[in-house]
Every structure is written in C-alpha cells, then in structure tokens.
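Take a look at the structure below.
Only the coordinates and a few stated rules stand behind these numbers; no lab work does. Please read these numbers as outputs of a predicted model, since none were measured by experiment. Please note: Cβ atoms are built from the backbone with ideal geometry, for glycine as well, and neighbour counts cover all protein chains shown.
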Amino acid sequence: MSKDFIKFSLLFIFLSGVLVGCANAQTIDSPPDQIVLEQFEKLKDKKFGKDDVCIERLKESAKVIVIGLFANDSGCRLDGVFVDSLYFETSKLETSKHALAALGWEKANRQEREKLVILWVEKVLFAFSAKPNQTFRAVSTTDGGIKVIVSLEYPPGVTSRNAPKIFVFDKDGGLSSASGN
C-alpha cells in the first residue's frame, strides 16, 4: 500500500467519526485546517469564510482542536472543540465531562486530573482570551471534584480590580459551575 493511500484512509476514518459521531474514533495526525473548517460547516449547516473561523490546536494533545468564531468587535469567541473527532459546543456544561473523558479522565489519578482541568480551562475555555499575566491553579475538593482558580498577576503595588474566575469540576469531570468576571 502506498503512503498516500494510508493517509487518505486515516483521514477518511477521522471524517467518518466526525460525521456519524463515533465516540471511539481515533486520529493519528491532526487534519488540515481546511478539512476542520469543512466539517465545522457541515455540523453548523452554514458556510463560513476562512477568516470567520478561528482554529487552535493543543500542542499537548493532537486529539483536541478548538474552534472559535471571529467577531469584529472582540476577535475570536469560543464556540466549541473537536475531541477525538467529536464536536462539543462549549456553551453546554456537560461538554467538559465528555471531552475530559476522551482525554483520559477515568484512568487519571488526582494529580493528572488537576493537570487535565487546567489544560481544559487554559487551552480551551481561554483559548482566545488568555492574557500573559494569568495564572491557573487547581485545588482538589473533598467530594472528589477539582476547582480551577484563574487570576491575574500584577506587579508589586498594583491592586487588582478583577476578582479571580473560578471553575468547579465534579468528580466525573463535568463543569458544575463557573464564576468571576
């Protein structure tokens, strides 16, 4: 078999997973932006210009492709994320549970789970709004959940007017609440 045939076959498997919602679809290589855009358009049943959709890829995991929609007044706004060929809209609280499960939540120990939720908040929820002086800290809760605290670091003598943002994940990886500015 030729190398091109194998690549085409892998791409077909990836696209099939997106189109039929196959939860077990695995990708070897991340597909090109044009393919991601085409699949996003099919899911939304709408045509977008190349400049209307923002695509971010996690260097920590080829399984995750973050999608945003461009707004002239504010830049890219998070819409959703492809994880293992499945698209999750980030406006739904249960999205994190499904996405974190695909990233290995069930087999992860407490420390690994803390890293996963920080990854999720920093690289997905803040994909298009991160600031260079933000810090992300995870704290395990007594009920098995994890709280992520996002705060801004200021130079000495500068007082903050921004309260920290707090994201609370339940023991199953579901985002149960989010608060803060």
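Brief remarks on what is shown
- Sorted largest first, extent of the range 61-155 alpha carbons per principal axis (Å): 42, 42, 22
- Sparse packing (at most 13 other Cβ atoms within 10 Å of the Cβ) combined with a DSSP loop state is found for the following trypsin sites (Lys or Arg not before Pro) in the range 81-145: K92, K107.
- Förster-model FRET efficiency, 25 Å R0, E89 and K50, C-beta, rounded to 0.05: 0.70
- Residues whose amide H lies under 5 Å from that of F169, counting only those 5 or more places away or on a different chain, are I146, K147, V148, S176; hydrogens are built 1.01 Å from N in the peptide plane.
- Total formal charge among the other residues, if their Cβ is under 13 angstrom from that of F70, Lys/Arg +1 and Asp/Glu -1: -3
- Extension gain, E41-A163: 0.36 nm per intervening residue step, less the Cα-Cα distance, totals 40.2 nm.
- Built amide H within the under 5 Å cut-off of D79, gap 5+: I67, G68, L69
- Total formal charge among the other residues, if their Cβ is under 15 angstrom from that of T95, Lys/Arg +1 and Asp/Glu -1: -2
- Taking a straight Cα-Cα cut-off under 29 Å and skipping sequence neighbours fewer than 8 places away in the same chain, the lysines within cross-link reach of K107 are K59, K63, K92, K97, K115, K123, K147, K165, K171.
- The calculated FRET efficiency for the pair S179 and V139, based on their C-beta separation and a Förster distance of 22 Å, comes to about 0.90.
- GluC sites (Glu not before Pro) lying in DSSP loop within the range 48-148, provided at most 15 other Cβ fall within 10 Å: E60, E94, E106
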